[in-house]
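S.K.: What follows is a single structure, and I will ask about it in a moment.
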């Protein structure tokens, strides 16, 4: 037969637990089938102004085997206790908080885990559990009833600070286990993909029990580096192949997080090409790869140059295109309205992949190539020429097409009336050089436009 033992059996233990408490506990009921217990908490006049009427509540249990009673042991609380006429706040698996007013009685029901079929139990409430709070620059402030036992070593009666190693446990004189600061945690931020030979900055975001005086340990390819800032610049010389890096954070009290791993995906054949400058371009998106080709095998010889048909790339077989209108600008591309026009590329994709976007034997033109092309077609090489004969030479002798452009959000515009072609040459931080001409006869071989715009590409050799 399961037994509920009388309150008098538990009074000696309660006396120890309540020695400095302003809240009394009264046992109400036990449901052995569900291992649920219910008790009342009643607040009297509390003189502890620091933690007024906030009780730390935990439960001990005693195994009963026939007439033999075992030693009292901590009970594990599972789930969320129900509290009526009081305010519940989470603690840990050992206990929780309940706040009430003077003269108020709260009724609490908790579910225990791991207790035997027959047991005594005792709900214990103290003004506040022992606990440690991290000081920003290192060390701990200790709260609760002294003397404390920290990491298994008892401190002096008046000691309320601790500057030793990372605290892993704290108890008060009654053996009540206390709360320790959360272990440090860390998350990472890094580009999904970078170009080979490009530098990259890794970012670690600390969490949990961290302080304002953290150190970070980075490990990349077996080489370990410690910093006092949460960023780490990986030099370009280290970015040759894809690799995994780890980072951990150690707070000022010597508590170290578990290391977190992340990957740096390196894309080969991606870089500045022909020594041209590239600024304000983002890294390619995750999973980025492509195979390029031409819309036809036709070529056009103009002066000393041979020009290809418009370029296509497998990654661009999509009707979406999205590049921010502020730096960094995206590596992106999309289809055009007519297959023969080729694909539309952001300047950043043209420039970053200048060595690989044109098939073998071809290269991405520079602004100088467009100047020489214009001169060979009968122009002056200058912008703003209004010359229908020159325009016709671009259409017929060079094979140009009114392919229009893609806006930053993928909207197609001016197909059938304007032709736009990128060079790989950077104009400034926001613009790249382009060639454009339109149906009314205007020709601009040395013009520039925003890097986020989507234009056509012709290769040259």
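S.K.: Expressed in whole Å with the largest first, what are the equivalent ellipsoid semi-axes of the range 131-171 derived from the C-alpha gyration tensor as the square root of 5 times each eigenvalue?
M.R.: Ellipsoid semi-axes (Å, largest first): 15, 11, 9.
S.K.: If you don't mind, there's one more thing I want to ask. Based only on Cα atoms, what Rg/Rh ratio does the range 292-460 have, Rh being taken as Kirkwood's radius?
M.R.: For the range 292-460, the value is 0.93.
S.K.: Please list the equivalent ellipsoid semi-axes of the chain, computed as the square roots of five times the alpha-carbon gyration tensor eigenvalues, in descending order and whole angstrom.
M.R.: 76, 23, 19
S.K.: Here is a follow-up. Under 16 Å from the 7 Å Cα→Cβ point of residue 382, by amide nitrogen: which residues of the range 420-461?
M.R.: Residues passing the 16 Å test: 442-447.
S.K.: Still on this model: For residue 318 and residue 84, what does the FRET efficiency come to when R0 = 45 Å and r is the distance between their Cβ atoms, rounded to the nearest 0.05?
M.R.: 0.20
S.K.: Per Stokes-Einstein, at 10 °C and 1.306 mPa s, what whole-number D in µm² s⁻¹ belongs to the range 372-442, with the Kirkwood radius over Cα pairs as the hydrodynamic radius?
M.R.: 122
S.K.: Measure off 7 Å from each Cα along the Cα-to-Cβ vector at residue 205 and residue 301, then give the distance between these two points in nanometres to one decimal.
M.R.: Going from the residue 205 label point to the residue 301 one covers 5.9 nm.
S.K.: A follow-up question, please. So for each of 111-124, 57-70 I average, over its residues, the number of other beta carbons within 10 Å; can you give me the resulting order with the highest mean first? It would help to have the intermediate numbers written out before the result.
M.R.: Working: 111-124: 17.9, 57-70: 15.6.
Top to bottom by mean Cβ count within 10 Å: 111-124, 57-70.
S.K.: Hey, rough spin-label estimate for residue 223 and residue 355, points 7 angstrom out along Cα→Cβ, what's it come to in nanometres?
M.R.: Taking the two extended label points, one gets 2.0 nm.
S.K.: Apply 1/(1 + (r/R0)^6) to the Cβ-Cβ distance of residue 368 and residue 183, taking R0 = 60 Å, and write down the FRET efficiency to the nearest 0.05.
M.R.: About 0.50, to the nearest 0.05.
S.K.: From the helices alone, meaning DSSP H stretches of at least four residues, give me the mean residue ellipticity at 222 nm for the chain, per-run term -39500 (n - 2.57), in deg cm²/dmol to the nearest 500.
M.R.: Numbers: 4 runs with 32 residues, N = 461.
It lands at -2000 deg cm²/dmol.
S.K.: Taking a temperature of 25 °C and a viscosity of 0.890 mPa s, what whole-number D in µm²/s does Stokes-Einstein yield for the range 184-267 with Rh from Kirkwood over alpha carbon pairs?
M.R.: 190
S.K.: Between residue 244 and residue 28, what FRET efficiency comes out of the Förster formula 1/(1 + (r/R0)^6) with R0 = 60 Å and r the beta carbon distance, rounded to 0.05?
M.R.: 0.60
S.K.: Continuing with this model, one more query. Work out how much length residue 280 to residue 92 would gain on full extension: take 0.36 nm times their residue separation and subtract the Cα-Cα distance, in nm to one decimal.
M.R.: Numbers: separation 188, 0.36 × 188 = 67.68 nm, distance 4.83 nm.
Extra length from residue 280 to residue 92 when fully extended: 62.9 nm.
Just so you know, all these numbers are worked out from the coordinates, no wet-lab data involved. Keep in mind that this is a model prediction, so the values were computed, not measured. No Cβ is skipped: glycine too gets one built from the backbone with ideal geometry, and neighbour counts run over all protein chains shown.
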